[in-house]
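Bear in mind that the values in this text are calculations on the coordinates, not laboratory data. Since the structure is predicted, the reported quantities are computational estimates derived from the model, not experimental observations. We place every Cβ from the backbone using ideal geometry, glycine too, and count neighbours over all the protein chains shown.
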Amino acid sequence: MSQQDAAWVRTLSERLLVASHKGQADHVVQLINKGAKVAVTKYGRTPLHLAAYKGHTEVARILLKAGCDLDIQDDGDQTALHRAAVVGNSDVISALVQEGCALDRQDKDGNTALHEVAWHGFSQSVKLLVKAGANILAKNKAGNTALHLACQNGHTQSCKVLLLGGARPDSRNNVGDTCLHVSARYNHVCVIRILLGAFCSVSERNQAGDTALHVAAVLNHKKTARLLLEAGTDINIRNNAGQTALDQAREHNNPEVALLLTKAPQVTTHTHHDISVTDFPWYIPITGTGCNRHVVHSETL
């Protein structure tokens with residue numbers, strides 16, 4: 001190929017990136033027929049990465065038919081599936097899955113596509129990936145599972161889908177937090193009810209020795225504290241500093257939670273055997289045992 005021909009192919013390929021980004025399906029076909037290379041990249045991203053992120057399903061299918069690499073990773077180690085997951089485009093995700101894309105590739109932060117959709121609360125995409133066989137127990141570099149991320153952001157429906165798919169609520173991240181710790185930290189009462197309905201352990205301790213009740217006491221989350229007490233959390237557990245949840249509530253000047261903990265014996269408690277579907281309307285019957293987050297960069301050309 002002459003230098004002139006090579007330069008022309010580069011020009012066509014660069015135009016293909018733009019057309020894919022804009023969703024110009026007819027133009028994409030024309031450029032490919034003229035010799036544009038579907039493997040062209042910018043910032044490590046192929047036309048398929050760009051089409052996936054923008055939700056251009058027709059363009060994505062054209063590129064796949066033309067032989068675009070399904071699983072090539074960009075400069076942030078994200079595949080086209082990651083890019084579709086960031087925006088929760090279930091049609092593009094479905095197209096990529098049907099073509100046999102790798103489901104569990106991890107980006108530079110260790111996140112899979114399932115982490116992405118769980119973090120953003122795209123429950124339909126979560127369901128799609130779980131049904132396709134994505135590894136529901138995969139952890140990112142912070143040790144978080146997809147369920148940790150869904151709990152952190154209070155995405156109740158995504159939590160339910162993940163639990164039904166076999167997620168373990170008592171899985172620990174790098175600081176020893178279970179999903180209950182995370183939910184208590186962000187005061188997501190509805191998520192806590194879901195986790196309790198899934199029979200999570202209420203007295204697990206993280207690396208600091210704190211239970212979820214300790215976390216609620218420090219942050220003055222009264223509703224969360226009450227719910228944990230009702231679920232039977234042991235109020236006498238001491239963390240690595242030798243403090244109970246009551247000690248921490250007092251230390252952080254949280255009188256309402258402190259009063260609640262002082263009256264803890266008067267709070268109606270349930271053991272796991274006492275919990276019924278009526279106690280937790282989000283109850284999910286499952287079997288088995290039981291935050292750091294990366295920045296999602298904007299798409300640029």
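Numbers for the structure displayed
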quantity: 3J(HN,Hα) from dihedral phi, segment 99-112, Karplus parametrisation 6.51/-1.76/1.60, rounded to Hz, x for glycine, proline; calculated: 7, x, 5, 5, 7, 10, 4, 10, 7, 4, 9, x, 7, 8
quantity: Packing-based exposure ordering (other Cβ within 10 Å, fewest first) of D107, D71; calculated: D71, D107
quantity: Point-charge dipole on Cβ atoms (K/R +1, D/E -1) for the chain, about Cα centre, debye to 20; calculated: 300 debye
quantity: Relative packing of peptides 214-225, 121-132 - highest average C-beta neighbours within 10 Å first; calculated: 214-225, 121-132
quantity: The chain: equivalent-ellipsoid semi-axes (sqrt of 5 x gyration tensor eigenvalues, Cα, Å); calculated: 48, 18, 13
quantity: Nearest-0.05 FRET efficiency for D77 and N253, computed from C-beta distance (R0 45 Å); calculated: 0.50
quantity: Set of lysines with alpha-carbon distance to K65 below 27 Å, sequence-local pairs under 8 removed; calculated: K22, K34, K37, K42, K54, K127, K131
quantity: Residue order, fewest to most beta carbons within 10 Å, for S20, S94; calculated: S94, S20
quantity: Point-to-point label distance, E58-D26, nm (Cα→Cβ direction, 7 Å offset); calculated: 0.9 nm
quantity: Qualifying aspartates and glutamates (Cα of each under 16 Å from Cα of K223; at least 8 residues distant if same chain); calculated: E256, D279
quantity: Label-point separation, K223 to L137 (7 Å along Cα→Cβ), nm; calculated: 3.4 nm
quantity: L164-A208 FRET efficiency (beta carbon distance; Förster radius 30 Å; 0.05 resolution); calculated: 0.45
